[in-house]
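One structure below.
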Amino acid sequence: MVIQSHSSEAGWHDRAARMKDQVATLYERCQAAYHTFDGLPQLIDQMRIMSVNAELVSARAGDHGRAVRVLTQFVTEAVTRMLAMIPEMVALKKCTYAQAGMVLRIANDVDKIEGGGARILATGRTPGDSALAALEAAWRNEMKGFGEAVAGMRRAHEGLVGMVRTAREVVLQVELISANIAIEASGAGPFEADIKAIADFMRGRVEELRAMVDNAGRSLRAVADMNHALAALAVGRI
Amino acid sequence: MKCFTIWQQGDHRWLAFGQDPEQLDTIIDTTQFVVTSDRDAVLLDPGGIELFPAMVAAVTQEVGVERLKHLFLSHQDPDVSSALSLWRRVCPADLTIHVSWLWTGFLSHFDSHAQFVTLPDPGAEIRLSPSVAVRAVPAHYLHSPGNFGIYDARAKILFSGDVGASLVPRERRTGIFVENFSEHTGYMEGFHRRWLGSRDARDKWVAMVRRLDVDMLAPQHGLIFRGEDVGRFLDWLAALPVGSGLDAYDQVGF
């Protein structure tokens, strides 16, 4: 006895096709958001060295460097604040990749389950068939897992948005400090050139940090859109 | 996906599923078997994840999914077991998954929630009903170090896993059985020379199978041997040089 299978064109659930593209895009955008911050540890290190250097120059400048010394303290605090972000970011990254991997696996499983259901329907069996019922239960279970994984990604995304907010605050703070140091430089007599160099270096790092924050913000906005779309797919499972 | 009933006595049946015309060319062709009884059924080497949609549709056309109480995995390869998590989701909650004790930690990479019943090296019986049982028999090192076949003494069928496997071009397949043994050796010689690494294992396996009463020898890839072709295959295998990959050690140039 030979039973020919049929093509999987029959309609049953059809979530997988929509999930696949969106999941791939989501994964890509998450990666982009994290890659934006790849240079952050190096940048923080440069700022840390710069603040140590600024302290030395301001000490050497005596009274001329008193204001710079105070301003440098704020930079040191900003650097400490950013240093604390790094382990948090690593944890968020790990969580995002784990959830994204889960979402990709579920999308693949859903694809196969939907393919099986479509083929069963194509053989003329009715929705009351025990195999279809088993596939339906498996499908619902997968979609539940999908919803949970997307929620996990959303939480990680919110964590990253919080970190970008902190980084943006640091940008504004350090920008203001560098402007004030530049003003102080003009009254620093023989130390004007050294203090001005510190202010310029600080401005350069601020620009780098601002570019990182802006790029990350753009990627994260795109991730938020995808998260909403995926959450809608998961919610629409019933 | 085609279904062939290769043996039947009442509710006790051997079904072979394979030769799916829609299967991607990039995926190695496999044959899946189901043994049914008057109560439970066992799915032997359920196949890879890409095959799942076609398999679940074809198998459940023949056997109610609620009767699939056993999955048997001859070894750990993905063409055998990568759909494990999907089968576990559609089969009954009391599904038993039988596999060599060697592979549970590895197969958990496909399905971390799967619970396995481990087969000891000499094998074990898998009971499907009070009147029907099959037996897992060793095929270690052929090719996997933890490898089993399934022997059904009543049907006189031996599911041999990768032993006896052949890669027959689609256009040359006219059924599920070997029809011309000497021509068929061309489709399996390269595979057996390279994939089987141990002459000792081969010799012990051949000797074991000769002690069994086998009417059909059913591999996981390609066509099934029946009748006198079973003996011809054993003779052919016993004389075949295996472990051709060993030559590479002398060819690396250092």
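The values are calculated or read from the model by the stated rules, or taken from the named source; none is laboratory data. These figures come from a predicted structure and were not determined experimentally. Positions of Cβ are backbone-derived with ideal geometry, glycine not excepted, and every protein chain shown enters the neighbour counts. Each accessible area value is taken on the protein alone, full model and side chains, heavy atoms only, with ligands, DNA and RNA left out. Shrake-Rupley method; radii C 1.70, N 1.55, O 1.52, S 1.80 Å.
Summary table below
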item	result
Value of relative contact order over region B:2-244, rounded to a whole percent, pairs C-alpha under 8 Å and six or more apart	15
Contact order relative to length of chain A, as percent, for alpha carbon pairs under 8 angstrom and 6 or more apart	35
From the C-alpha gyration tensor of region B:1-102, square roots of 5λ in Å	19, 17, 12
Local electrostatic count at B:His12 - Lys and Arg +1, Asp and Glu -1, tallied over other residues with Cβ under 9 Å	-1
Largest-first ellipsoid semi-axes for region A:143-238, taking √(5λ) over the Cα gyration tensor eigenvalues, angstrom	46, 9, 7
Solvent-accessible area per residue, Å², over chain B with all protein chains present [probe radius 1.4 Å]	41
Radius ratio Rg over Rh of region B:173-254, counting only Cα atoms, Kirkwood formula for Rh	1.04
Distant-in-sequence amide H partners of B:Ile126 (H built 1.01 Å from N, under 5 Å)	B:Val134, B:Arg135, B:Ala136
Dipole moment magnitude, nearest 20 debye, the protein assembly as shown about Cα centre, only Lys, Arg, Asp, Glu C-beta charged	820
Global geometry of region A:19-105, whether rounded, prolate or oblate, following the gyration tensor of its Cα atoms and the 1.5 cut on a/c	prolate
Lysine pairs meeting the criterion (Cα under 27 Å, 8 or more apart or interchain), as found in the protein assembly as shown	14
Contour minus Cα-Cα distance for B:Glu62 and B:Leu212 (0.36 nm per residue)	51.1 nm
Anisotropy class of the protein assembly as shown from Cα gyration tensor, a/c 1.5 cut	prolate
Percent accessible area from carbon and sulfur atoms, chain B, protein chains only, probe 1.4 Å	51
Table column - 3J(HN,Hα) (Hz), region B:124-135, Karplus curve with 6.51, -1.76, 1.60, x for Gly and Pro	6, 8, 10, 8, 9, 6, x, 9, 10, 9, 10, 10
Inter-label distance, nm, simple model (7 Å from Cα along the C-beta direction), B:Arg39/A:Glu169	6.7
Net +/- balance of residues flanking A:Thr25 in space, Cβ distance below 14 Å, scoring K and R +1, D and E -1	+1
Local electrostatic count, B:Arg173, Cβ distance below 13 Å [Lys/Arg +1, Asp/Glu -1]	-2
Label-point separation, A:Ala17 to B:Phe106 (7 Å along Cα→Cβ), nm	3.8
Projected-area mean, region B:63-111, by convex hull of Cα positions, square nanometres	3.3
Chain A - convex hull of alpha carbons, volume per residue in Å³	111
Cα extents of region B:57-160 along the three principal axes, largest first (Å)	36, 34, 22
In the B-A interface, the accessible area buried, summed over both sides, Å² (probe 1.4 Å)	2100
Compactness of chain B, expressed as Rg and Dmax over alpha-carbon positions, Å	17.4, 62
Antiparallel bridge percentage (DSSP; both residues within the protein assembly as shown; nearest 5)	65
